[in-house]
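Enquirer: Structure below; questions to follow.
What follows draws every value from the coordinates through simple rules; no lab data is involved. Just so you know, these numbers come straight off a predicted model, no measurement behind them. In this analysis, Cβ positions are derived from the backbone assuming ideal geometry, glycine residues included, and neighbour counts consider all displayed protein chains.
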Amino acid sequence: MVENHPVHNSEVYLLGLPKRPSAPPPSPPSPLTPSAEEPGVPIEKLCLDDNEPLTSDDNGNSRALASQRLPTAIHVLNTEAMSLRNLVHLYETDRVAGAGFDAAVQAILWEGTQGERGKLVLTGVGKSGHIAKKLVATFNSLGVHAAFLHPTEALHGDLGMVGPRDTVMFITFSGQTPELLALLPHIDPALPTIVLTSHRSPDNCELVRRRPGMVLLPAPVHEPEAVSFGVAAPTTSTTTALAIGDALAVAAAQELHTSGVPSVFARNHPGGTIGEALQRTKGSLTQPPLAQSPKKPQRVRDLAVPLREMPSCRCRRAAPVPTETKTTTIVRDSEPTGADILKVAFDSSSGTGRGWVRVPDYDDGNGGRDGVVPPGRVRALEVAQLPLGVPAIPDLVVGRADWIAVRADTPVPRAAEWVRDVLLQQNRNRDPPRGVGADEQLSVVAVVEEDRGDVVGVLEAGQLLKLELEEG
């Protein structure tokens, strides 16, 4: 018997809509595991320690590649070495290259009329920019003030780092790098400029054509890098540029720090293994063992500062840079000033020069062309005398004719007695007569080799007189 009552289900009927085909039933879910009839492929265990042997094809390719490693390295090294050998030959034989290097050193070391010296500003982009940054580090470590200027940043404010006494050095293999050409018009034409480039003639370098008088510093390669290695990647070109830059840094430092570059480098490089080694060496040279007392000088030669180790202060004159079409001069003439003497004396104070300065161009009025400035007279310089030329500063330089000669093998007490007698005799002839005062102690004693009559060194008279008092 069928009961008559409403049927309850979950279907919803919408009246008035056309009939649509009913949706098929959903697919059954995929089994989580393979069925027993179709077993799954087992996953192979992964072990990082397994070293599968290469196939014969892999072995052949690997051996072929490995066999080219060392020959490739040797080829690159030989190519760069050949480029450096050609560079040496160029600077030994080429007049323009040699004159350019000489003028570049002078441009880096040029001074104003007041004895002030600026810095070297190096600029370049790409690999040349990296070379410039490395050279900045080298110049600074050797005591030659240098800074890097990015040419693009220069046009957006960094141009302010270029001072009125600076020298600007462009590094560009092509000689026509767009960023450097854009920067050039904004560099004061009065400043010395240098270009380190592949060109050997100024007529072929766009930068030099746009700035006549720019010093050309050639760093060519013997063959294009694309020929050497099949790709024009900067390799030999950066090696030659770096080598010329290093040579320039060392040459400039040696001329600037006449008392010795090693002491300057040690002062600027206290850290790292190099600094540790330098400090160890410095300590062993300057600090006697605690168990030993310093040996007292026996002969006057033991006190003398050798003339050959004394730094010189002379007028710097520019060497002309000849080319096929013009002659360029960079550095201006100027006589040494009191500031020059002070600078050279300061640089020599920590070296073998011991604060002495030699003035080889000094005219002593008696036909002599040599003079020295003792440390005591340097210390007596007044601020107002620093910008003055050396001849305008009274009693600064002691000419050779005024040196008191003492034989090198004279015992110190005997030499002190002799010098005191000479000074007293000189002062008895003054009006009024006087004894040996502070001025006389700044007199120069020349230590002379008896057999040849050569002056081998000098010292201040006051140094001898002080030892005489200590002995007494």
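Enquirer: Only counting other Cβ atoms within 10 Å, I'd like TYR362, TYR91 sorted with the fewest neighbours first.
Expert: TYR91, TYR362
Enquirer: Modelled label-to-label distance, ASP402 and ARG452, 7 Å Cα→beta-carbon offset: nm?
Expert: A separation of 2.7 nm, rounded to one decimal place.
Enquirer: Sticking with the crude label model, points 7 Å out along Cα→Cβ, report the distance from THR72 to GLN176 in nm, one decimal please.
Expert: 3.3 nm
Enquirer: Still on this model: Given H placed 1.01 Å from N in the peptide plane, which residues other than close sequence neighbours of ALA146 have an amide H under 5 Å from its amide H?
Expert: Result for ALA146 returns LEU120, ASN140.
Enquirer: Taking N as the number of residues in the stretch 73-256, what is its alpha-carbon radius of gyration divided by 2.2 N^0.38 Å?
Expert: 0.99
Enquirer: I've got another one for you. Could you tell me which of VAL195, GLY160, LEU181 has its Cα farthest along the dipole of the stretch 154-221 towards the positive end, charges placed at Cβ (Lys, Arg +1; Asp, Glu -1), taken about the Cα centre?
Expert: VAL195
Enquirer: Amide H to amide H under 5 Å from VAL215: which residues, 5+ apart in sequence or cross-chain, H placed 1.01 Å off N in plane?
Expert: When sequence neighbours closer than 5 places are left aside, the close amide H contacts are THR193, ILE194, VAL195.
Enquirer: Going highest first, how would you order 72-79, 140-147 by mean Cβ packing within 10 Å?
Expert: So the peptides 72-79, 140-147, ranked by packing, come out 140-147, 72-79.
Enquirer: Let me ask something else about it. Charges only on Cβ, +1 for Lys and Arg, -1 for Asp and Glu: so what's the dipole of the stretch 73-256 about the Cα centre, in debye to the nearest 20?
Expert: Using Cβ point charges on Lys, Arg, Asp and Glu, the stretch 73-256 gives about 60 debye.
Enquirer: Please compute the contact order of the stretch 175-246 in relative form: average sequence separation of alpha-carbon pairs under 8 Å and at least six residues apart, divided by the residue count, as a percent.
Expert: 27 percent
Enquirer: Next question. Would you mind checking which residues have amide H under 5 Å from ARG407's amide H? H placed 1.01 Å from N; only 5 or more apart, or other chain.
Expert: Distant-sequence amide H within range of ARG407: VAL448.
Enquirer: Sorted from fewest to most neighbouring beta carbons within 10 Å, what does the list ARG200, ARG210 look like?
Expert: Exposure proxy ranking, most exposed first: ARG210, ARG200.
Enquirer: Explain nothing, just compute: Karplus ³J(HN,Hα) = 6.51 cos²θ - 1.76 cosθ + 1.60, θ = phi - 60°, for every residue of the stretch 136-148 in order, whole Hz, x for Gly and Pro.
Expert: For the stretch 136-148, the Karplus curve yields 4, 5, 5, 4, 5, 5, 8, x, 10, 5, 9, 8, 9 Hz.
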